[in-house]
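K.L.:
Below you will find the structure I want to go over with you.
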Amino acid sequence: MEAKQKSRKSCALLQHSFKKSLKVFLKETGLHGLKFVGDSELNIWERQASVVGLSRILLLRTNCRSFFLIAFVAALAMTCQLISNIYAKWVSTPVIIGISPHATSIRKVPFPAVTVCNMNQFQRSKVLQYREGSPEYDVMKVLCNPRSERVYHSTEADNRAWDTTVNSSNTLKITDFVKNHSQPCHQMLRYCRFNGHVAPCAEIFRLILTDEGLCCVFNFLPAHFIYKSHQVESMSDIEALGYQPVPWNPEAGYPAKLPKHHYPLPGAGTGITMGFTLVLDAQLSEYYCSSTNGPGFKVLFHNPITTPNVKEEGLVLGIGYETNFRLAVSMSEAVPALRSISRQDRQCVFNDEKELLYHRVYTHNYCERECIAQYLYQACTCIPHNYPLIYKNASVCGVKDTECIHQANLPENEHRSDRCRKECLPSCFDLTYTADSLYFPLAKRDFKLANRVVASMNKSYLLDNIAVMHLYYRESAYYGSIKNVYIGFTEFLSNIGGVMGLFMGFSVISIAEMLYFLVLKPLSELIAWKYGSKKLPRIERTPSKQQLNQDNLVWHTRELYPKGMSSNKMQPRGKNAKILLVKDKYKY
């Protein structure tokens, strides 16, 4: 019982202290309108008090305070609406992509890696010895795409379709067969020139196994800069290039200290003279089966850390033509402040935010390829040769696994890897190259040509086997795109502060006022009572405003008794009656 009584006293004291502090807060606050709401003496009709009654005056005062209260509530509602609009814009559009204000020289980024593939899958002279039923013949059936293509045979004029059945006990590795039976780089590349200097093609190109078979790549980083420690099955050993390879990626760029001859190589200038020139030999007489419907080459320009996807992205290079590719650089960057935004909101990933199983550097393409490799491994317990070997103990798919891989790659089964691929967001930093092409036929008649290697060839062989390619920058600098925070926390706070200051006069000090008067002051009085004198202070009932106005209101005698009054009327009629009379200067 005593505890309940003490609790009631505490609540009464807290309530009384809160009301008292609220009145002081309303009078002293800087918020627009509240000081008028808390002013009990407010009366904008004071000069008319002599001609109106007491109830009319009180009503006018109440209406005046209500007016400011309604105005404050309306301003508060408008402020909340505008703040919700600002917040919705902040959440829905966290990132803005704009053009970088500074131009970047082409010497600050690597020249694109160039991957060249002959559409011929195997050299005819190396595979004619294999007969149907042999393990090598099964490999040729798989790589020559028997489901949709017919294979060229000089001994079979009808180009009959191959049987799709293969020996399930075939243990021959597809990678080894392709490396030993495809056209090597030294036979494909007849002439190379880069940055105005003729270079031995065998020193600047190396072999790479892609989805288009064995290809040759230039300016591609060594495997230990791109892949993790376990052995790379689809890459040949790196040859000594005479240049020191350095780590590069779109986010970090080149290291601060570079050796004199570093790799990957940057471009030296613009135009064909300072570009990259190749003379390619298709060796049409060695064609056995083509990955397309005719002879020729596929070429792909990509950044030096990206594995080429030649089949889907490669450009066709026709035989008997000289083709000029004019390069344009596209660089995507992001400001560090973007890290404060979640990945799903900013829709990009920094290099150190997501670790891949097989690759050292994060790219959107690498992430998706690893997801597909995981799915294929679960479906067929092996990984195809053109996908990353994400597990150390995983085996590379052979001929016997061809049917399983084909079934797993059907469109109706692709959704099984969608869950993993949804987590593969684009990189916040990326470097891509686009090219537009111009081509014209090579010379059919005898006259002097610009390239001595081309000029020395037989015109018939030239038109049937040779392709000339020029790759060069069209501009010496480029403007990249940059991802930035659309509305940062500072801007967000400024917008909210501007709205609240305009409509309500709100500031940070207003928060301190509310905290002090409405929380700290009542609590401090309660604590002082509990742990101080232990005596409940006297809580006087605050008289109503009407009583205050009745007690303090002064009436002139002439207004009360315009015709005068007698001494009998001056006597009080009741015990508690009280009439305030003030002598007037008027004479009766």
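The values are calculated or read from the model by the stated rules, or taken from the named source; none is laboratory data. Source: prediction; values computed, not measured. A quick note on method: Cβ atoms are made from the backbone with ideal geometry, for glycine too, and the neighbour counts reach across all protein chains shown. For accessibility, only protein heavy atoms count, side chains too; no ligands or nucleic acids. Shrake-Rupley method; radii C 1.70, N 1.55, O 1.52, S 1.80 Å.
K.L.:
Looking at segment 305-401, which chymotrypsin sites (Phe, Trp or Tyr not before Pro) are in a loop (DSSP not H, G, I, E or B) and have at most 15 other Cβ atoms within 10 Å?
P.N.:
Working: sites: Tyr321, Phe325, Phe350, Tyr358, Tyr362, Tyr366, Tyr375, Tyr377, Tyr391; in loops: Phe350, Tyr358, Tyr362, Tyr391.
Listed in order of number, the matching sites are Tyr391.
K.L.:
Next question. Explain nothing, just the number: dipole magnitude of segment 459-536 about its Cα centre with +1 on each Lys and Arg Cβ and -1 on each Asp and Glu Cβ, in debye rounded to the nearest 20.
P.N.:
Numbers: 7 positive and 5 negative charges, 96 e Å.
Around 460 debye, computed over segment 459-536.
K.L.:
Write down the accessible area per residue of segment 410-506 in Å², having rolled a 1.4 Å probe over the full set of protein chains. It would help to have the intermediate numbers written out before the result.
P.N.:
Values: 6040 Å² over 97 residues.
Using a 1.4 Å probe on heavy atoms only, each residue of segment 410-506 averages 62 Å².
K.L.:
Using modelled backbone amide H atoms (1.01 Å from N, in-plane), which distant-in-sequence or interchain residues come within less than 5 Å of Leu315's amide H?
P.N.:
Val299, Leu300
K.L.:
With all protein chains present, how much of the accessible area of segment 239-365 (probe radius 1.4 Å) comes from carbon and sulfur, to the nearest whole percent?
P.N.:
Details: 2750 of 5600 Å².
Roughly 49 percent, rounded to a whole number.
K.L.:
Shifting gears a bit: About its Cα centre, what dipole magnitude does segment 340-429 give when the only charges are +1 on Lys and Arg Cβ and -1 on Asp and Glu Cβ, stated in debye to the nearest 20?
P.N.:
On the way: 11 positive and 12 negative charges, 29 e Å.
Taking the Cα centre of segment 340-429 as origin, the dipole is about 140 debye.
K.L.:
Using only the alpha carbons of segment 301-389, what is the convex hull's orientation-averaged projected area in square nanometres? Mind showing how you got there, number by number?
P.N.:
On the way: hull surface 34.7 nm².
Quarter of the Cα hull surface area: 8.7 nm².
K.L.:
For segment 396-466, run through the trypsin sites (Lys or Arg not before Pro) and keep only the ones in DSSP coil with at most 14 other Cβ atoms within 10 Å of their Cβ. Kindly include the intermediate steps, with their values, before the conclusion.
P.N.:
Working: sites: Lys400, Arg416, Arg419, Arg421, Lys422, Lys444, Arg445, Lys448, Arg452, Lys459; in loops: Lys422, Lys444, Arg445, Lys448.
Within segment 396-466, the qualifying trypsin sites (Lys or Arg not before Pro) (loop, at most 14 other Cβ atoms within 10 Å) are Lys422, Lys444, Arg445, Lys448.
K.L.:
Run the accessible area of segment 395-494 with a 1.4 Å probe and give the carbon-and-sulfur part as a rounded percent.
P.N.:
The nonpolar share, carbon plus sulfur, comes to 52 percent.
K.L.:
How long, wide and thick is segment 372-489, going by the Cα atoms along their three principal axes, in whole angstroms, largest first?
P.N.:
Extents along the principal axes, in whole Å: 61, 58, 29.
K.L.:
Please list 3J(HN,Hα) in residue order for segment 281-292, calculated via the Karplus relation 6.51 cos²θ - 1.76 cosθ + 1.60 where θ = phi - 60°; whole Hz, with x for glycine and proline.
P.N.:
10, 7, 6, 4, 5, 9, 5, 10, 8, 10, 6, 10
K.L.:
How long are the three semi-axes of the equivalent ellipsoid for segment 314-441, computed from the Cα gyration tensor as the root of 5 times each eigenvalue, in whole Å, largest first? Can you show the working numbers first?
P.N.:
Details: eigenvalues 175, 151, 32 Å².
Working from the Cα gyration tensor, I get semi-axes of 30, 27, 13 Å.
K.L.:
Starting from segment 412-452, pick out the GluC sites (Glu not before Pro) whose DSSP state is loop and whose Cβ has at most 14 other Cβ atoms within 10 Å.
P.N.:
Values: sites: Glu412, Glu414, Glu423; in loops: Glu423.
Passing both the DSSP loop test and the Cβ count: Glu423.
K.L.:
Could you sort Ser417, Ser92 by their accessible area in this structure, using a 1.4 Å probe and putting the largest first? Display every interim value, and only then the final one.
P.N.:
On the way: Ser417 10, Ser92 85 Å².
From most accessible down to least: Ser92, Ser417.
K.L.:
Using a 1.4 Å probe and ignoring any ligands, DNA or RNA, find the accessible area of Glu312 and quote it in Å² to the nearest 10.
P.N.:
Around 130 Å² of this residue is reachable by solvent.
K.L.:
What list of ³J(HN,Hα) values in whole Hz, one per residue of segment 445-451 in order, does the Karplus curve 6.51 cos²θ - 1.76 cosθ + 1.60 (θ = phi - 60°) give from phi, with Gly and Pro shown as x?
P.N.:
With coefficients 6.51, -1.76 and 1.60, one gets 10, 7, 7, 5, 10, 5, 8 Hz.
K.L.:
Another one. In terms of the Cα gyration tensor, with a ≥ b ≥ c the square roots of its eigenvalues, is segment 460-517 rounded because a/c is under 1.5, prolate because a/b exceeds b/c, or oblate?
P.N.:
prolate
K.L.:
State log₁₀ I(q)/I(0) for segment 208-366 at q = 0.16 Å⁻¹ as given by the Debye formula over alpha-carbon point scatterers of equal weight, solvent excluded.
P.N.:
-1.18
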